[in-house]
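Working notes for the structure below.
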Amino acid sequence: MPTELKAVVFRTSKLKETKNFFVELGIAIKESSVTHFVIHSKRIRLLFVESDNDLEVELYLSKSLSPSRENNLTLHSNAKIPGLSSCKDPNGIQIIITEGSDNIK
């Protein structure tokens, strides 16, 4: 059965700094508390939760009962594609930012 990624959970000791990082990028955070915040992106939720440990990542998948088309994901070096830039969040996670067209894969 095909599976679909529904959410990614990041447990981090740098919750406030991470939230401020995304706010400074202009990303709307509509759900938050003292111990978490959520970024909604199309059909995937990015959930950041306060933790005493260093960064831990959890993936939440959903199994589909009907077949779906295959996802062809190709990773490209952002140095070779105009309109892409990168930076790192306070946890050291590299963030690729598209500038302009939504057709970049």
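Just so you know, all these numbers are worked out from the coordinates, no wet-lab data involved. Here the structure is a predicted model, which is why all the values come from computation and not from measurement.
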**OP:** Please list, in chain and number order, the residues 5+ apart from Glu4 or on another chain whose amide H is under 5 Å from its amide H, with Hs placed from the backbone.
**Re:** Ser62, Lys63, Ser64
Original post:
Can you run phi through the Karplus equation (6.51, -1.76, 1.60; θ = phi - 60°) for the range 41-46 and list ³J(HN,Hα) in whole Hz, with x for Gly and Pro?
Top reply: 9, 6, 9, 10, 9, 9
Original post:
Tell me, what HN-Hα J-couplings in whole Hz come from the Karplus equation 6.51 cos²θ - 1.76 cosθ + 1.60 at θ = phi - 60° for each residue of the range 7-15, using x for Gly and Pro?
Top reply: 7, 10, 10, 10, 9, 9, 7, 10, 4
**OP:** Name the residues whose placed amide hydrogens come within less than 5 Å of the amide hydrogen of Ser13, ignoring near sequence neighbours (fewer than 5 apart) on the same chain.
**Re:** Ser51, Leu55
